[in-house]
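The values are calculated or read from the model by the stated rules, or taken from the named source; none is laboratory data. Here the structure is a predicted model, which is why all the values come from computation and not from measurement. With ideal geometry, Cβ positions are generated from the backbone for all residues, glycine too; neighbour counts draw on all protein chains shown.
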Amino acid sequence: MRDGRSLVPALHRIVRLHLQLLEVYPAPWRRIEIRAEATFWALHVAIQNAMGWTDSHLHDFELPNVDSGEPVWIGMPDLDDEDREILVDFDERLDSWIHSEGERLFYNYDYGDGWRHELVVEAVQPAAPRIRYPRCLAGERACPPEDVGGPAGYESLLEALRDPEHPEHDEYRLWVGGSFDPERFDVAQVRFEDPARRLREVYDFA
């Protein structure tokens, strides 16, 4: 995915991505656009905001490496991870790795619950005038609640909420705050945070 070229400067290009949560059926998905010169940290924040996650856990991006066959990892620096090299996401720009329609990568969030998202590049194209990026164009279905236990735990939650006679119905309903609609998503409600400010909050940069 690296070392591609474009006649349009990165500052004036955007990447359109189709983002889908895997192992959840029917799958929550979003379509987002972000500037090509943005970092993977900025993409992480945009995914969190578009999906509805709360950025309470570790994350990484997994990119194919056609030369070695081994994935390239981009994410939060982890000095305790001796099994893989992780490139720091706030140092890596999207346009260094993403160049054309059809490319695919993965976004992993919360290693305990194991939420895995597939990102498919739908377009790399000139930015539209007077448009603020990132932006969410479309999507369907709610993001699962945090700490629900991954895809299997989420299915158990939905099963209990659907059945008033389920022994855990009342407990789960209280846990989600009274109600939860897995089909609910309103693109107009998506708000994107400033990734620079979020970075300072997470890493306590001066």
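Would you tally the residues in segment 117-136 being closer than 25 Å to residue 60 by Cβ and surrounded by fewer than 19 Cβ atoms within 10 Å (Cβ to Cβ)? Please lay out each step first, then the result.
Going through segment 117-136, the residues closer than 25 Å to residue 60 by Cβ turn out to be 117-124, 133-136.
Next cut, surrounded by fewer than 19 Cβ atoms within 10 Å (Cβ to Cβ) only: 118, 120, 122-123, 133, 135.
Count: 6.
So residue 166 ticks every box in (1) assigned to a loop (DSSP other than H, G, I, E, B); (2) touching a helix residue (DSSP H, G or I) at 6+ places or on another chain (Cβ under 6 Å); (3) closer than 21 Å to residue 42 by Cα; (4) at pLDDT below 95 but one. Which box is left unticked?
The one condition residue 166 does not meet is (3).
Quick check on residue 143: is it part of a strand (DSSP E or B) and not polar (S, T, N, Q)? Can you show your working first?
Values: part of a strand (DSSP E or B): no; not polar (S, T, N, Q): yes.
No; evaluated as a whole, the condition is false for this residue.
Residue 150 is checked against (1) at pLDDT 95 or above; (2) small (Gly, Ala, Ser); (3) farther than 22 Å from residue 25 by Cα and fails just one. What number does that condition carry?
Condition (3) is where residue 150 drops out.
So in segment 108-132, with the set limited to residues that are closer than 20 Å to residue 54 by Cα and either assigned to a loop (DSSP other than H, G, I, E, B) or acidic (Asp, Glu) (or both), which one is nearest to the chain's Cα centre (by Cα)? Walk me through how you get there before you give the answer.
First, pick out the residues of segment 108-132 that are closer than 20 Å to residue 54 by Cα: 108-119.
Right, trim to either assigned to a loop (DSSP other than H, G, I, E, B) or acidic (Asp, Glu) (or both) and you get 110-114, 118.
On the way: 110: 11, 111: 14, 112: 16, 113: 15, 114: 13, 118: 9 Å.
Only one residue tops the list, namely 118.
Checking residue 188 against (1) over 16 Å from the mean Cα position of the chain (by Cα); (2) in a loop (DSSP other than H, G, I, E, B), which test does it fail?
That leaves (2) as the condition not met.
So, residue 136, is that one in a strand (DSSP E or B) and modelled with pLDDT of 95 or more or not?
Values: in a strand (DSSP E or B): yes; modelled with pLDDT of 95 or more: yes.
Criteria met by residue 136.
Return a yes/no flag: does segment 90-107 have any residue that is within 23 Å of residue 191 (Cα to Cα), in a strand (DSSP E or B) and either among the acidic types (Asp, Glu) or out of contact with any helix residue (DSSP H, G or I) (no Cβ under 9 Å at 6 or more places or on another chain) (or both).
We begin by selecting, within segment 90-107, every residue within 23 Å of residue 191 (Cα to Cα); these are 90, 93-94, 106-107.
Okay, now just the ones that are also in a strand (DSSP E or B), so 93, 106-107.
From what is left, the residues that are either among the acidic types (Asp, Glu) or out of contact with any helix residue (DSSP H, G or I) (no Cβ under 9 Å at 6 or more places or on another chain) (or both) are 106.
Among the residues of segment 90-107, at least one is within 23 Å of residue 191 (Cα to Cα), in a strand (DSSP E or B) and either among the acidic types (Asp, Glu) or out of contact with any helix residue (DSSP H, G or I) (no Cβ under 9 Å at 6 or more places or on another chain) (or both), which makes the answer yes.
If residue 102 meets every condition in (1) surrounded by fewer than 16 Cβ atoms within 10 Å (Cβ to Cβ); (2) closer than 23 Å to residue 199 by Cα; (3) not β-branched (Val, Ile, Thr) apart from one, which number is that one?
Of (1) surrounded by fewer than 16 Cβ atoms within 10 Å (Cβ to Cβ); (2) closer than 23 Å to residue 199 by Cα; (3) not β-branched (Val, Ile, Thr), only one is false for residue 102: (2).
Filter segment 177-201 for residues that are surrounded by 13 or more Cβ atoms within 10 Å (Cβ to Cβ) and without any contact (Cβ under 8 Å) to a residue 40 or more places away in the chain and give the result.
Listed by number, the residues that qualify are 180, 196.
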